[in-house]
Structures are given as structure tokens and as C-alpha cells.
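Before any comments, here is the structure.
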Amino acid sequence: MKRSVFSLLMVAILGSAVVAQDGLRMARLPESSAATGRQSGAVAALDRAAAANKFAFVFFWKEQNPQTDRAWGVLQAAAGKMSDWAEVVSVQTSDPAEKPLVDRFGTSRAPMPLVLAVAPCGAVTKAFSSVFDESQLRSAFVSPGTQLCLKALQDRKLVLLCVVDQAGPNGSGAPMAAQEFKADQRFGAASEIVLVSATDEGEAGFLKELRVDTRAPRPFTVLLAPPGSVIGQFDGRASKDQLLAKLAAAQSNPCAGGACGPGGCGPRK
């Protein structure tokens, strides 16, 4: 049975001056692009963050009210302590100039305010609605391997997560089965290979979440499918046909993707 290992959440935002209001430290939101006659700078801000290898906290809001102000204030205070890692972008969802970003993240009907954490690669790593704190925001900073896997899964692609002795130009390459899977014209455009070093301490939490035994002989491959299910784990001797057979079995499962709920299709016999 496939295991779901990811909760694909979201977050991001842009700063402005903090002012005192009713005895609270409240944040004044930037004027909308429509009000100022300017084109949206949110997309450009996201691009700048990605180019600087930073996360972006994208703050989606519809109208200014006490709930919006409080969420914005918490975000501003926290982001100021994380400026080396993240930028903040404000998006008023009712502003026509912001429609491209609203459509990109599908937030037109989401409860507001909403914060999405967007990794440099474009993956959404966390989502926070209304009430959150600094520690929760910090949890959005996930490992590079996690980011790349999330991005591919959010793009509705299969992921061939290859655990090797040392990832990188001079490290071990992906197992042959993974390379052949990616080269197959049926799956090439719909799959991504992600290399992760078994000895990279920064990836230890991610591999533990996947229940990967890093002591196992390497290289080996973990096959993931959207929205975040483990299809199977394969050692270096596995063939492409074995990966395909496991994928076909998962796709034929009527409970694929958790459609029947965590208990499966009825009671066990």
C-alpha cells in the first residue's frame, strides 16, 4: 500500500512600516497596485528571492481588518529575523494586477489571510492561515532534497529520489534503473530524478520521514508519486521493469492516493 508522506502546504510576504494601533504593534499593508496605478511587483519579488537562493513568504489578503493586520504584524516581525533566508511579498487578491500570482497558487477562494512559503525552486513548503507564530514560519525552511521533490510532485510529476554516497558532479550517479526510467519516452517529461547524499546531515530528517534506511547499500531509489506517496524503494540491482511493475500495481489500486481513506476499502479480512 502506498504511504502518503507529505503535507503540501504554503507561505510568502512583503514588508512595510510598523505603526502603533489600539495598543498593538500593527503592520500597515502596502497599497494595492490598482490603487497606485503601478503594475504588480510581486512576481518580480519572487524572482529576485529565487535568484538570491532565498525563500519567499507570500502574504495573500483581501481586505484590511484586525485579523489581517495581526497576521501581517507577526509575519513582519518574524521575517525581520530571517532576512538572510527569506523575502516577504504582499498580494491583495482583489487587485487585478495580482491575478497571475493568485492563479498560479490557486488562492482565489482560500480563506484570508493566507501565507505561503515558497522555496527558491518554486515549491510551496508550508501554508499558514490567520494564526501562526515564528516557530511555525521557520518550519517552512526544508532541505534542498525536500524542496526539489515537492516541486516535482506539485507539478504532478513522478519523482525518482536516488540516495547515493555523495550527490554532486563528482559523486555517484543515479542507479541505472532510474536513468532508464527517465529516458523512457512515456515517462521522461513526467518524471524527475533527485539526487540526495545518504551522509548529508541536512537531508537526514527528510530521509527519516520517508522511512529510508541510510545504512542500506547504495545507490538505491525511492519512487514517489503525486500528491506525495511512496510507491516503493529499490536497491541498485533493481531494473526499470521492476519500477514500472510497482508503479502499475499502485495505479491499479482503487485506494490509490488515499481515495478510500486511511483505512482502505473496507474492513480487513
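The values are calculated or read from the model by the stated rules, or taken from the named source; none is laboratory data. Given the structure is predicted, the values throughout are model-derived calculations rather than measurements. Glycine also receives a Cβ, built like all others from the backbone with ideal geometry; neighbour counts cover every protein chain displayed.
Kindly indicate whether any position in the stretch 132-153 is part of a strand (DSSP E or B) and at pLDDT below 95. No, the stretch 132-153 contains no residue that is part of a strand (DSSP E or B) and at pLDDT below 95.
Contact map, the stretch 188-217: first residue within 22 Å of Met176 (Cα to Cα), second residue of a type in the set (Lys, Arg) and surrounded by fewer than 19 Cβ atoms within 10 Å (Cβ to Cβ), Cβ cut-off under 7 Å, separation 6 or more or different chains; pairs are Gly188/Lys182; Ala190/Lys157; Ser191/Lys157; Ser191/Lys182; Glu192/Lys157; Ile193/Lys182; Ala198/Arg218. So, Arg218, is that one among the basic types (Lys, Arg), over 27 Å from Val124 (Cα atoms) and surrounded by 15 or more Cβ atoms within 10 Å (Cβ to Cβ) or not? Yes. Candidates in the stretch 227-236 are the residues that are more than 15 Å from Ala152 (Cα to Cα) and outside any strand (DSSP E or B); of these, the one that is modelled with the highest pLDDT is Asp235. Every listed requirement among (1) over 18 Å from Phe132 (Cβ atoms); (2) touching a Leu at 6+ places or on another chain (Cβ under 9 Å); (3) modelled with pLDDT of 90 or more; (4) of a type outside the set (Ser, Thr, Tyr) is met by Phe57 save one, (1).
Number of residues in the stretch 212-231 that are aliphatic (A, V, I, L, M) and within 17 Å of the chain's Cα centre (by Cα) equals 3. Looking only at the stretch 111-131, residues that are among the polar types (S, T, N, Q) and either in a loop (DSSP other than H, G, I, E, B) or crowded, with 21+ Cβ neighbours inside 10 Å (or both) come to 2 in all.
Evaluate the stretch 173-183: report whether one residue or more is farther than 18 Å from Met82 by Cβ, modelled with pLDDT of 95 or more and of a type in the set (Phe, Trp, Tyr). Yes. Among Leu224, Leu244, which is modelled with pLDDT of 95 or more, among the aliphatic types (A, V, I, L, M) and either within 27 Å of Ala119 (Cα to Cα) or part of a strand (DSSP E or B) (or both)? Selected residue: Leu224, the only one of Leu224, Leu244 that is modelled with pLDDT of 95 or more, among the aliphatic types (A, V, I, L, M) and either within 27 Å of Ala119 (Cα to Cα) or part of a strand (DSSP E or B) (or both). Within the stretch 63-97, restricting attention to residues that are over 26 Å from Ser139 (Cβ atoms) and either at pLDDT 95 or above or of a type in the set (D, E, K, R) (or both), the residue that is surrounded by the most Cβ atoms within 10 Å (Cβ to Cβ) is Asp95. Filtering the stretch 52-110 to residues that are aliphatic (A, V, I, L, M) and under 21 Å from Lys151 (Cα atoms) leaves Ala52, Ala56, Val58, Ala86, Val88, Val89, Leu101, Val102, Ala110. If you check Leu8, Leu14 for being surrounded by fewer than 19 Cβ atoms within 10 Å (Cβ to Cβ), at pLDDT below 50 and not assigned by TED's automatic domain parsing to the domain that holds Ala248, only one passes: Leu8.
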